[in-house]
Amino acid sequence: MFENLSGRLQATLNQLRGAGRLTEQKMAQALREVRMALLEADVALPVVKAFIDQVRERAGGQHVLQSLTPGQAVIKIVNDELIQLLGATNDGLDLAVRPPAVILMAGLQGSGKTTTVVKLARLLHEREGKTVLAASADVYRPAAIEQLERLSASADVRFFPSRTDQLPIEIATAAVAQARKELVDVVLIDTAGRLHIDDSMMQEIQALHSAVNPVETIFVADSTTGQDAVITAKAFSDALPLTGIILTKTDGDARGGAALSIRHVTGKPIKFLGTGESTDALEPFHPDRIASRILGMGDVLSIIEEVQRTADLQQAEKLAKKISKGKGFDLEDFRTQLVQMESMGGISGLLERLPGTGLLPGGVKGQVNDKQATRLVAIIDSMTPEERRFPAIIRGSRKRRIAKGSGAQVQDVNRLLKQLTQMQKTMKRMDKGGMKRMLRGMQGNLPGKF
């Protein structure tokens, strides 16, 4: 997300970074470049105008003109204004009510609303310890109820059964009643979408809102539709007392115009970002961290939080002890590390959050392929336990069998074994303390000791 915008802005602002003196001409040229970058990112014109005016006003102040590093001061202003544009602070869900807290999910068909219901349910259960019940009031789209039921089962989320011959209000009120009876903390209600906004849809969701009185009314928007998402969000905001927005499919949105426009246009905060297809691919929206990513300063805090949330400390400690005792790093260990990386969003997800990667050549970033890790795991899964522990025994006929079983080529198996050898050499160079320090650094503030 923001890949195109980030590259343009970083290139422009880097020209100011080392400037000993900031002339009006240089400033005007830089602001023109920033303006073009925002417009090309599909940011709404009124938003661009307000942003540029605010930056120009602040950059013309005496504290900037008299600064020893005026370029750095301007970059700080752009960063601050981006944060304000995106919403200043993270607005979480307001669940401080008598249970069950009802969350009504609205949006157009195809925006990823049903998947987002399950993602949000899983996040609330795993990260906040809430019991969650998901219900579908979409009686129009074929298999909508079955889709929510299937996704809920795959993510271990409780599902409230409903039928297409029921009224949406009947489904929603029955789900809330059951949640109250069973002392469930949160009820998530998936509503019907349309391919476009129409009066009947608005009337139905307004009636649903009145019937269940939700504590949160969330609009789910497809970020890849750019300004269409902003326009639709504004229409829903005019019809419903929205409390927030979730942007989906942000992993496929290189421009980011919706994220930069939607708060300004609707006045509603972005609460979460959908970052992939899996049911755990939902992350809280932090304006300061997003602004930092856009300007190439990275988002190390999010990486640390991801490690804290997903790291298997027992597995890490086991690996540390194994290496420190001089035992080899085998394919089973390699597989564990690959799976761990995938759970953190893959290499591309980590790269996006590291400082300075926005200025990497496109060819370098294009070489990052998370599907490769999946293929490597498949190859290892085609091996016997003995082959994983003692890779040296993998030769001609074994390589052919492994390649055939995983749908790969023998060359792919050879490449995997070469990568393993390189990793084994790296591990041997690390003494006992070095291994533990590395793992402790990844661990952050997690409980437990190495």
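The values are calculated or read from the model by the stated rules, or taken from the named source; none is laboratory data. As the structure is a computational prediction, the values presented were derived from the model and not from experiment. Ideal geometry is used to build each Cβ from the backbone, glycine not excepted, and the neighbour counts take in all protein chains shown.
Residue check: is K249 modelled with pLDDT of 85 or more, under 23 Å from E40 (Cα atoms) and out of contact with any strand residue (DSSP E or B) (no Cβ under 7 Å at 6 or more places or on another chain)? Steps first, please.
Values: modelled with pLDDT of 85 or more: yes; under 23 Å from E40 (Cα atoms): yes; out of contact with any strand residue (DSSP E or B) (no Cβ under 7 Å at 6 or more places or on another chain): no.
So K249 fails the test.
Right, I77: out of contact with any strand residue (DSSP E or B) (no Cβ under 6 Å at 6 or more places or on another chain), in contact (Cβ under 8 Å) with a residue 40 or more places away in the chain and surrounded by fewer than 22 Cβ atoms within 10 Å (Cβ to Cβ) or not?
no
For the condition out of contact with any helix residue (DSSP H, G or I) (no Cβ under 9 Å at 6 or more places or on another chain), at pLDDT below 90 and farther than 26 Å from E283 by Cα, what is the one hit in L195, L167? Reasoning before the result, please.
Working: L167 fails: at pLDDT below 90.
Within the list L195, L167, the selection yields L195.
How many residues does segment 131-157 hold that are assigned to a helix (DSSP H, G or I) and touching a residue at least 24 places away in the same chain (Cβ under 8 Å)?
Residues flagged as assigned to a helix (DSSP H, G or I) and touching a residue at least 24 places away in the same chain (Cβ under 8 Å) within segment 131-157 amount to 6.
Evaluate the following for T114: is it of a type in the set (S, T, Y) and crowded, with 17+ Cβ neighbours inside 10 Å?
yes
crowded, with 19+ Cβ neighbours inside 10 Å and charged (D, E, K, R) - does that describe any residue in segment 235-248?
no
Please count how many residues of segment 170-188 are closer than 13 Å to L208 by Cβ, out of contact with any Leu (no Cβ under 8 Å at 6 or more places or on another chain) and either surrounded by fewer than 14 Cβ atoms within 10 Å (Cβ to Cβ) or not charged (D, E, K, R) (or both).
Total meeting the criteria: 4.
If I go through segment 99-130 residue by residue, how many of them are among the polar types (S, T, N, Q) and in a helix (DSSP H, G or I)?
So the count comes out to 3.
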